[in-house]
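Take a look at the structure below.
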Amino acid sequence: MLYFWFPKVEDLKVLLSKNTLKTAVVILNWNGKQHLEKYLPDVVEHTALLNNDIYVADNGSTDDSIMFLYQSYPQIKIIQLDKNYGFAGGYNQALKQVEADIFCLLNSDVRVTEDWLNAPLEIFEKYSDIAAVQPKILSDRDLSRFEHAGAAGGFIDKYGYPFCRGRIMNIIEYDKGQYNSQSDIFWASGACLFIRSEVFHSQGGFDDDYFAHMEEIDLCWRLKNQGLRVVYCPKSKVFHYGGATLDYNNPHKLYLNFRNSLWTLYKNYTGKYLCFTMFKRMLIDTTAILKFAASFDIKNAMAIFKAHMAFHASRRNIVEKRKKLMAKVTCRQHDEILPLSIVLCFFLKGRKTFHSLKKFRTKNLLKSKRLF
């Protein structure tokens, strides 16, 4: 009996395209069967399998995620880790077992769309100095809005506070096409992060100590300090549910964000006045502690306080990491760093959208479109 194979439309597009990069879509899972059931069908449908592989790296789940995958998606490759290593450690462990030119790190609660892979891969093909790419990330809770974690590309201020085009603090913009230009950014969201495998491995991957949150910002800052580029690609679009593991208002999440942000700033800051910058950062954080305490939100106030205690307790380790990283720095000036405090801009000046920062005439922050 003769069998005939008819490729999917997506596979035909790969055959006809100029993309030659082998890509691995790697989804990190921890007790997330409900997200796999909901979001995997679109990943499979919109990912051509001729030159791409789909992996699920399981972080020691105790639910029946693995059984579900074996029964429902035999074409997906499974990497089983012996325990929960967190986002940073989980991906570090898993990607050692994946062979590809490009890694796409994809959250389990992300809905992908048709052609979501093509545009990022075309950028990698064309520009050898681009290390990482982020698509447009919209909310799967409200399809007309950007999503908190990444939106239209990440930036930071001079004190290490992250923000995005499309999201500053808790203000999230509607997508009206205002950020449809491809441009250089400072960091790409780990919710959907395309990165060259050789770059990921040469950097030692994520910092395992972070466990979760801010590890992608730390990695991207390392890349930027070595003269590599991180790019936002609006032609690729995904929808992120967000808060799948820890709710955005969870005190433990706040603790991880503040602790890891302090680590990131100290490790990667290339300005002249590190101690003064860290001191001012701690003053701003103290204001946040007092604000939470004044509203009787003791749990969140304590979360930030504990983050600072953890930072000071790990000072020797962070100093050693900084010494090693500074020896590799080739680029000290970054147009994508806001030379002001985004916290003060937001609360004192009322600048609550990315475009409103134009009024501060902030260097080249809003003109960073050198890619095209």
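None of the figures in this text is laboratory data; all of them are computed from the coordinates on show. All values reported here derive from a predicted model rather than from experimental measurement. Don't worry about glycine lacking a Cβ; one is built from the backbone with ideal geometry, like all the others, and counts go over all protein chains shown.
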Worksheet entry | Net charge dipole size for the chain [Lys, Arg +1 and Asp, Glu -1 on Cβ; Debye, nearest 20] | 2220 debye
Discussion item. I need the phi-derived Karplus couplings for region 34-51: 6.51 cos²θ - 1.76 cosθ + 1.60, θ = phi - 60°, integer Hz, Gly and Pro marked x.
Written reply: 5, 6, 4, 4, 7, 10, 4, x, 6, 4, 5, 5, 9, 10, 5, 9, 5, 10
Worksheet entry | Relative counts (whole %) of C-alpha pair distances in region 232-293, using bins that are 10 Å wide | 17, 34, 30, 19, 1
Worksheet item: Which cross-chain or sequence-distant (5 or more) residues have an amide H under 5 Å from the amide H of Arg145, H modelled 1.01 Å from N in plane?
Response: Ser139, Asp175
Worksheet item: So what J values fall out for region 304-309 if you push phi through Karplus, 6.51 cos²θ - 1.76 cosθ + 1.60 with θ = phi - 60°, rounded to Hz, Gly and Pro as x?
Response: 5, 4, 5, 4, 5, 5
Fill in: Extension gain, Leu283 back to Glu125 (0.36 nm per residue minus Cα-Cα distance, nm)
52.4 nm
Practice prompt. Figure the gain on full extension for Tyr273 and Met67 (residue separation times 0.36 nm, minus the Cα-Cα span) and round it to one decimal in nm.
Written response: 68.8 nm
Worksheet item: Dividing the convex hull volume of the alpha carbon atoms of the chain by its residue count, what do you get in Å³ per residue?
Response: 146 Å³
Discussion item. Can you list residues from other chains, or at least 5 along the same chain, whose modelled amide H is less than 5 Å from the amide H of Phe211?
Written reply: Ala88, Gly89
Fill in: Distance violations [Cα-Cα > 25 Å] among Lys280/Lys321; Lys253/Lys352; Lys253/Lys328; Lys33/Lys352; Lys253/Lys358; Lys83/Lys328
Lys253/Lys328; Lys33/Lys352; Lys253/Lys358; Lys83/Lys328
Worksheet entry | Percent breakdown of C-alpha pair distances by 5 Å bin, ordered from the shortest bin, for region 169-277 | 2, 9, 17, 21, 20, 17, 10, 2, 0
Worksheet item: Of all DSSP beta bridges located in the chain, what percent are antiparallel, nearest 5?
Response: 45 percent
Worksheet item: Nearest 20 debye, what's the magnitude of the dipole of region 73-140 about its Cα centre given +1 on Lys and Arg Cβ and -1 on Asp and Glu Cβ?
Response: 260 debye
Worksheet item: Between Val26, Asn257, Ala119, whose Cα lies farthest towards the positive end of the dipole of the chain when Lys and Arg beta carbons carry +1 and Asp and Glu beta carbons carry -1, centred on the Cα centre?
Response: Asn257
Worksheet entry | Binned Cα-Cα distance frequencies in region 313-356 - 5 Å width, integer % | 5, 16, 15, 12, 13, 15, 15, 9
Worksheet item: What length, rounded to one decimal in nm, is gained on full extension from Thr113 through to Leu143, with 0.36 nm per residue of separation minus their alpha-carbon distance?
Response: 9.5 nm
Worksheet item: Any idea what the dipole of region 86-214 comes to, in debye rounded to 20, about its Cα centre with Lys/Arg Cβ at +1 and Asp/Glu Cβ at -1?
Response: 360 debye
Worksheet item: How big is the equivalent ellipsoid of region 273-350 along its three axes, where each semi-axis is √(5λ) from the Cα gyration tensor, reported in whole Å from largest to smallest?
Response: 27, 20, 8
Discussion item. Checking a compactness column here: for region 28-187, what do you get for Rg(Cα) / (2.2 N^0.38 Å), N being the number of residues?
Written reply: 1.11
Fill in: Distant-in-sequence amide H partners of Ile79 (H built 1.01 Å from N, under 5 Å)
Val56, Ala57, Asp58
Worksheet item: Please report, for the Cα atoms of region 97-218, the Rg to one decimal and the Dmax as a whole number; what are they, in angstrom?
Response: 14.4, 40
